[in-house]
1. Averaging sequence separations of C-alpha pairs under 8 Å and six or more residues apart, then dividing by the length of region 11-186, give the relative contact order as a whole percent.
2. Could you run the Karplus curve 6.51 cos²θ - 1.76 cosθ + 1.60 with θ = phi - 60° over region 160-170 and give me ³J(HN,Hα) per residue in whole Hz, x for Gly and Pro?
3. Using θ = phi - 60° and the Karplus form 6.51 cos²θ - 1.76 cosθ + 1.60, what ³J(HN,Hα) does each residue of region 181-190 get, whole Hz, x for Gly and Pro?
4. Based on the alpha carbons, how large is the Rg to Rh ratio for region 48-130 when Rh follows Kirkwood?
5. Taking the Cβ of R121 as the center, what net charge do the other residues with Cβ under 10 Å away carry, scoring Lys and Arg +1 and Asp and Glu -1?
6. Relative to the longest principal axis of the C-alpha atoms of the chain, give the angle of the C-alpha long axis of helix 20-29, reported between 0 and 90° and rounded to the nearest 10°.
7. Can you compute 3J(HN,Hα) from phi for each residue in region 37-46, using the Karplus curve 6.51 cos²θ - 1.76 cosθ + 1.60 with θ = phi - 60°, rounded to whole Hz and x for Gly and Pro?
8. Once amide H atoms are built 1.01 Å from N in the peptide plane, which residues 5 or more positions from A150, or in another chain, come under 5 Å H to H?
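We did not get these values from a lab; they are worked out from the coordinates using the rules stated. Bear in mind that the values here come from a model prediction, so they are computed numbers and not experimental data. Using ideal geometry, Cβ is built from the backbone for each residue, glycine included, and neighbour counts are taken over all protein chains shown.
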Amino acid sequence: MSEPTGFGRPHRHLRRTDSTNERARGLVAAGAPSGTVVTADEQDAGRGRHGRRWSAPAGAALLYSAILRPLDARHRLLPLAVPLAVCEAIESLAPASCLVKWPNDVWVDERKAAGVLIEARPPDWAVIGVGINLSISPEEFPPDLRWPAASVGHGAEPDGARRALDAALGRWVEEGSERVVSEFERRDALRGRRLAWEGAGEPRDGSGVAAGIDEEGNLLVQAEDRRIALGAGEVRLVSLRQR
Ligand code: BTN
């Protein structure tokens, strides 16, 4: 039985870099141990999901990448476990109540406060990339964001956020799948909402009402008379509204 992962030992902080995920991948190649964390004040080429960019003013966000290696059956629901850890970390920093927009955006008051980008080569390693908006003012967010954004506020600063996330990730990455699914359902921002997707499922594009997740972490959508399971790696949600 392997040791549970403790995150943040070692920790490398960079003032400015291209992408903390890219730096962490370099450390993976150099043999860095599981639990290694890379943070930065600022990124020139921060990466988001679906090939998008992720940008934040220097020092106003937690820009965090952690190495997890090797991967095994316990990490099957890693993409769902990580945003649960982010929710706990945020709630320890501010009087906020977080929900998760499947698969791994973290919402505070209906706005995106954090995003997760996991890059992995199973079963060897994963780089868990997390960006948390801490003190970005509304006018500093890029105008072309797909979803409205928010900051944690309440004086939350990167070092405290890093320590909170190290601890929460340590608790969640090896949590059993039943508990991950039940906690995700408790924090599910989509359940009961009408949404449209593109890029996966049969038909490949469609719309329906979100109906929770299955034990594999797929999003269940009730579309007319059928229930469809959408895989996180393939699908992109393109619109969302109250039912
Ligand atoms: C998303 O919501 O699209 C995911 C955003 C993930 C951004 C973080 S910031 C730290 C880490 N380094 C990166 O280049 N990306 C992730």
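1. Details: 363 pairs, mean separation 42.0, N = 176.
Once divided by the residue count of region 11-186, the mean separation gives 24 percent.
2. With the stated coefficients, region 160-170 comes to x, 5, 4, 5, 5, 6, 3, 5, 5, 4, x Hz.
3. Values, residue by residue: 5, 5, 5, 4, 5, 5, 9, 6, 7, 9 Hz.
4. On the way: Rg = 13.2 Å, Rh = 13.6 Å.
On the Cα set of region 48-130, Rg over Rh gives 0.97.
5. Taking every other residue near R121 into account, the sum is 0.
6. Relative to the chain, helix 20-29 is tipped by roughly 70 degrees.
7. 10, 10, 10, 8, 6, 8, 10, 8, 9, x
8. So A150 has HN proximity to K112, A113.
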